[in-house]
Every structure is written in C-alpha cells, then in structure tokens.
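Only one structure is covered here, and it is reproduced in the block below.
The values are calculated or read from the model by the stated rules, or taken from the named source; none is laboratory data. Owing to the predicted nature of the structure, the values given are computational and were not obtained by experimental measurement. Cβ placement follows ideal geometry from the backbone for every residue including glycine, while neighbour counts extend to all protein chains displayed. Keep in mind that these areas ignore ligands, DNA and RNA; they rest on the heavy atoms of the full protein, side chains included. Shrake-Rupley method; radii C 1.70, N 1.55, O 1.52, S 1.80 Å.
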Amino acid sequence: MVKKVLVTGANRGIGLEFCRQYQADGWEVTAVCRGSSPALRELGVRIIEEVDVSSPDQLKKLAQQLSAQTFDVLINNAGVWSEETLGEVTVPEWSRVMAVNGLGPILVTQALLANLSSGSKIAMVTSRMGSIEDNTMGGYYAYRMSKAALNAGAKSLALDLKNQGIAVVILHPGYVITDMTNRLGDLTPQQSVTGMRQRIEELTMATSGGFFHTNGEKLPW
C-alpha cells in the first residue's frame with residue numbers, strides 16, 4: 001500500500017525538499033501552501049493552495065477537501081522568520097509570528113485529526129531557538145517565543161494523542177541554507193530533510209514528545 005504524507009509550507013525550502021524526497025521514494029504527497037511555486041509544480045504532487053495555517057476558516061476548507069483521506073505522516077513545516085530585538089518588539093509583529101509558528105501547527109493538527117489514525121506520525125518543524133536552556137545570545141523575541149510555544153504545544157499534543165496511537169516528534173532542522181536564512185547556513189535542505197526523515201522513521205510511541213536535532217541529538221527544553 002502506498003504511504004501518504006501531507007506537508008505544510010511546501011512551496012520552497014525545507015517543505016519543498018520534504019515533498020521531493022517523499023515523492024522520489026514513492027509516497028503519495030499532498031503539498032499545502034499559501035501559494036505554489038514552479039519548483040513545487042514540477043514535482044507533480046498534489047498541491048492545495050491558499051492555505052494560511054493561522055486561518056481557521058482556510059483550515060476548515062482544507063479539512064473538507066481532504067475528508068475520508070488518511071495520512072501516515074503529517075509534517076507541520078510552515079513558519080515565518082522575525083528578527084525583533086529589544087526596543088523593536090511590537091504587538092502586530094509578535095502576534096503575526098506567534099499565530100503562524102506557535103498556533104498554526106496545532107490548528108492544522110486539530111483540523112486534520114480525522115485524517116490520522118493509530119500508527120500515524122506528526123512532525124513539528126521547530127527550532128532550537130525555542131529552547132530556553134539553549135538561549136545564549138538573546139534577541140529574536142517573537143521568533144524564539146513562538147517556537148517555545150510550539151514546543152510546549154507539541155508536547156501536550158503528544159500526551160493527548162497517546163491513547164490514539166499517534167506519535168509526535170519535535171524537530172530542529174539545523175541551520176539550513178534557504179531563502180529564510182538569506183542563503184546562509186551549515187546544511188543544505190537535502191541534508192536537513194534526510195536527517196529529519198530518519199528521525200520520523202525512528203519515532204515510536206515510547207519516544208513521542210521528544211525534541212531532536214536533525215542529526216539525532218536530543219535537545220534541551
């Protein structure tokens with residue numbers, strides 16, 4: 001039986017690479033994004049556009065489009081970047097980043113719970129910048145706080161879905177060379193996604209709720 005994966009934020013960078021690798025391995029890929037890209041369309045996967053992960057109305061529409069379908073893996077990858085420093089923090093920017101990064105993945109999962117079953121896996125693409133213990137630089141208020149919120153929410157999700165046999169993994173992709181990082185970084189999207197896919201493959205109910213680097217290192221909260 002062909003396995004099925006749904007990826008949010010699929011039009012570029014890490015999300016696009018997830019789609020590329022899973023499609024190459026014979027999976028049925030559903031790519032969800034606000035707007036597609038030539039690179040995504042070239043893959044020939046199913047694309048669902050006009051989905052903002054922070055919009056309950058758009059997520060309700062997504063769920064309706066996917067009714068009666070089941071997924072082996074749900075990858076909550078969609079996110080936004082922010083470089084707010086002390087003195088620049090504003091309510092509008094904080095709210096925007098928190099809605100997409102912190103709340104969005106929880107809303108997506110909530111909307112698509114009927115599309116998951118025992119044995120399904122959920123991957124939350126977060127950042128070690130959401131680790132409180134690992135913060136040695138300061139700054140990046142909205143981004144750090146949004147990823148810390150995601151980590152906390154994902155941990156709760158792992159506990160809430162335990163009895164349903166659905167496992168959750170919280171993944172730091174590494175410092176990846178993408179448009180979001182202005183093409184700076186230590187890893188290519190291919191390297192990052194290869195590692196994260198391995199972490200997803202290794203995920204069991206016993207390790208559900210863990211926070212891991214793409215290289216397998218367990219990260220501090």
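Some points to look at:
- Being under 29 Å from Glu83 (Cβ atoms) and at pLDDT 95 or above is a description that does not apply to Ala114.
- For segment 141-173, a residue qualifies if it is outside any helix (DSSP H, G or I) and surrounded by fewer than 19 Cβ atoms within 10 Å (Cβ to Cβ), and exactly one does: Gly165.
- For segment 110-128, filtered to residues that are open to solvent by 40 Å² or more (accessible area, probe 1.4 Å) and of a type in the set (A, V, I, L, M, F, W, C), the residue that is nearest to Pro220 (Cα to Cα) is Leu113.
- Residues of segment 1-22 satisfying the condition of being in a helix (DSSP H, G or I) and of a type in the set (Gly, Ala, Ser): Gly13, Gly15
- For the residues Thr8, Thr70, the requirement of being of a type in the set (Ser, Thr, Tyr), under 30 Å from Ser118 (Cβ atoms) and in contact with a strand residue (DSSP E or B) (Cβ under 6 Å, 6 or more places away or on another chain) singles out Thr8.
- When residues in segment 99-109 are screened for being open to solvent by 30 Å² or more (accessible area, probe 1.4 Å) and within 11 Å of Leu150 (Cβ to Cβ), 2 of them pass.
- Hey, Ser208 touching a residue at least 12 places away in the same chain (Cβ under 8 Å), small (Gly, Ala, Ser), on the phi < 0 side of the Ramachandran plot and assigned to a loop (DSSP other than H, G, I, E, B) or not: yes
- Residue-level check: of (1) among the hydroxyl-bearing types (Ser, Thr, Tyr); (2) under 13 Å from the mean Cα position of the chain (by Cα); (3) more than 18 Å from Phe212 (Cβ to Cβ), Ser95 misses just (2).
- Scanning segment 12-43 for residues that are more than 18 Å from Met196 (Cα to Cα), out of contact with any Lys or Arg (no Cβ under 6 Å at 6 or more places or on another chain) and of a type in the set (S, T, N, Q) turns up just one, Ser36.
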